[in-house]
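Working notes, beginning with the structure itself.
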Amino acid sequence: MSMNKTIAILGSTGSIGTQTLDVVRANPSLRVSALSAGRNVRLLEQQIREFRPCLAAVWDEADAADLRTRTADLDVKILSGMEGLLEIAREEKSSVLVTAIVGMIGIRPTIAAIEAGKDIALANKETLVCAGHLIMPLAKKHHVSILPVDSEHSAIFQCLNGENRSRIARIWLTASGGPFRGMTYEQLKTKRPEDALKHPNWSMGNKITIDSASMVNKGLEVMEARWLFDTDLDRIRVVIQPQSIIHSMVEFTDGAVIAQLGTPDMRLPIQYALSYPDRVPLSGERLDFAGLGQITFEEPDPETFRGLKLAFEAARTGGSMPTVFNAANEYAVAAFLDRKIGFTDIYEIISSSMERHSLIPDPDAETILRVQEEVGAFVESRW
């Protein structure tokens, strides 16, 4: 069994990117033609030396110059900025682009890759949250697959294998509840970045870990699921599953519920996106059902964890509103990590950004990015 594919990775030094490269190490038939990173030049240099891509990019030109010096003995072209990301997205040897980059910066390269006929292993939530109405029809037009890398969306994707999608009654997105599960809004007010970064089950990057603590992450996943599985918003439910063993479930019109279970290991959904429709062996822990004893469920608390409630509001409004929700959260999380605001201020910033926004019903990619900038200007004017 081999995957025999060449892939390009946007965001190769982050949590998903480094775990994607773990999957490549374990599957010698996978090759890497292009890598990009934000600022971690040292790790990117190590990755270039190990995986020998023909193309690499970092965001700043000064970092790119540093990387060119470091890799002068290698046959690799080093680029910077959005142009670098777009060239990686279109890199001709690759057949799959892994979008492991965080933030709305992932939208334009994803569009470029689809137009170049690449399949997308999607780990960049913002792409579908803000531009799902553009991305899904474009993927259909260019006959490319959008393969979910998120553990929840991968679970739903696996549960739907061989099923008639018109027979979906409900999609159940599971959430761990994060480090603040069971707390009151008053308790959340005092939480600091180091508290929010202690996720009970998953090892993830800083932004997504904060989003998990606020339940904004689950709201983003609801919006993604709606586009990925072409499902009505009212059919998507969220349930807390604190052990993170059930990664999500699909309920069908006859009452049958199919769930995907496993240990919390992101390499599984990454590898499945790259090996689909096949499965290949993966090392690691296996579920011990007797040792586990029980799997429990709880109702989410949308009044305390307002991120979920605001996400449903943004999704129902549609148009440019999901972009406002997402952009306000991006800026608010950055401010929280910089200790400029408190944890519950994240909700206030999202809410006030949504309230003041004049809706654009069917935004194109340029409009989406302009709305992001406008939201950023508003958020930054508040402190």
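At-a-glance table
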{"read-out": "Count of the stretch 317-347 residues which are acidic (D, E) and in contact with a Gly (Cβ under 9 Å, 6 or more places away or on another chain)", "value": "1"}
{"read-out": "Candidates V41, V58, V32, filtered to the one that is of a type in the set (V, I, T) and within 26 Å of G284 (Cβ to Cβ)", "value": "V32"}
{"read-out": "Count of residues meeting criterion [of a type in the set (S, T, N, Q) and in contact (Cβ under 8 Å) with a residue 24 or more places away in the chain] in the stretch 162-189", "value": "3"}
{"read-out": "Filter result for V41 (modelled with pLDDT of 95 or more, more than 16 Å from L79 (Cβ to Cβ) and aliphatic (A, V, I, L, M))", "value": "no"}
{"read-out": "Residue among G117, G103, G84 that is in contact (Cβ under 8 Å) with a residue 40 or more places away in the chain and more than 20 Å from the chain's Cα centre (by Cα)", "value": "G84"}
{"read-out": "Enumerated helices (runs of 4 or more DSSP H) restricted to the stretch 298-383, each holding at least 2 residues that are loosely packed, with under 14 Cβ neighbours inside 10 Å and more than 19 Å from the chain's Cα centre (by Cα)", "value": "345-356, 365-380"}
{"read-out": "Helices (runs of 4 or more DSSP H) wholly inside the stretch 176-280 that include at least 1 residues being among the aliphatic types (A, V, I, L, M) and closer than 30 Å to T6 by Cα", "value": "206-214, 216-228, 267-275"}
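The values are calculated or read from the model by the stated rules, or taken from the named source; none is laboratory data. Given the structure is predicted, the values throughout are model-derived calculations rather than measurements. Neighbour counts run over all protein chains shown; Cβ positions are idealised from the backbone, glycine included.
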